[in-house]
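Let me begin by presenting the structure, written as structure tokens, before commenting on it.
The values are calculated or read from the model by the stated rules, or taken from the named source; none is laboratory data. Not measured: the values here are computed from a predicted model. Virtual Cβ from ideal backbone geometry, glycine too; neighbours counted across all protein chains shown.
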Amino acid sequence: MLPLNAAFAAATSLLGVRLDPFHGFNFLIEIEGILTGGFTECSGLQVDIEVETYAEGGLNDYTHHFRGRTKYPPLVLKHGLTPLEGLWNWHQDVVHGAVNRRNGTIFLLNKMKIPVLWWNFMGAYPTKWTGPDLRADSGNVVFESVELVHQGLSRPAGAGMAAGLSVIAAVGP
């Protein structure tokens, strides 16, 4: 009997389907009620599980490892500065004490700009806003970034299936 990954590789080869990795530049971020335009960077898609160690007396071969808290680092979103003030206004609301938590989704798109994987973040609000570096000797686009703390990430089960179906649809009959 073939191991699962080997069987999967053989099946995709027989069907003539390539499962190439997706490109990191093809993404879209949606935050409920915030109009921002497109983002150029998204970082912080990470889930860490703390590990608690316990050295049992008389047991010197190994240490016990127990699951601790789950931690979600802030999401950092960066985009070119435009007249749209959604992120700035949301951050300013928090500065003035009105913490309005929002949910959002980070969509990874395929070559045809169709979402193939996505991550939902819940209960987010901005804790840091960084404005552009302004330099008289530069003609570069200026960027703003915002850090969002949140209450967790999820990747819906259908997201992986959508990725597989988009590959099969792209190949066609």
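Looking only at the range 68-86, filter to residues that are in contact (Cβ under 8 Å) with a residue 60 or more places away in the chain and part of a strand (DSSP E or B); which one of those is nearest to T53 (Cα to Cα)?
T70
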Quiz item: Is it the case that the range 57-67 has a residue that's surrounded by fewer than 10 Cβ atoms within 10 Å (Cβ to Cβ), modelled with pLDDT of 90 or more and of a type in the set (D, E, K, R)?
Solution: yes
Self-check item: Top-ranked residue of the range 26-35 - restricted to ones that are among the aliphatic types (A, V, I, L, M) and surrounded by 13 or more Cβ atoms within 10 Å (Cβ to Cβ), ranked as modelled with the lowest pLDDT
Solution: I34
Practice problem: For the range 76-109, name all the residues that are in contact with a strand residue (DSSP E or B) (Cβ under 8 Å, 6 or more places away or on another chain), under 18 Å from G33 (Cα atoms) and hydrophobic (A, V, I, L, M, F, W, C). | Solution: L77, L87, W88, W90, V94, V99, I106, F107
Quiz item: Can you tell me how many residues in the range 36-50 are surrounded by 10 or more Cβ atoms within 10 Å (Cβ to Cβ), of a type in the set (A, V, I, L, M) and either part of a strand (DSSP E or B) or modelled with pLDDT under 90 (or both)?
Solution: 0
Quiz prompt | Pairs where the first residue, in the range 17-40, is farther than 20 Å from M122 by Cα and the second is modelled with pLDDT of 80 or more and in a loop (DSSP other than H, G, I, E, B), C-beta under 6 Å, 6+ apart | solution = G37/T82; G37/L84
Quiz item: List pairs: first in the range 117-134 and over 24 Å from F22 (Cβ atoms) and touching a residue at least 24 places away in the same chain (Cβ under 8 Å), second part of a loop (DSSP other than H, G, I, E, B) and of a type in the set (D, E, K, R), Cβ under 8 Å, 6+ apart or cross-chain?
Solution: G123/R101; Y125/R101
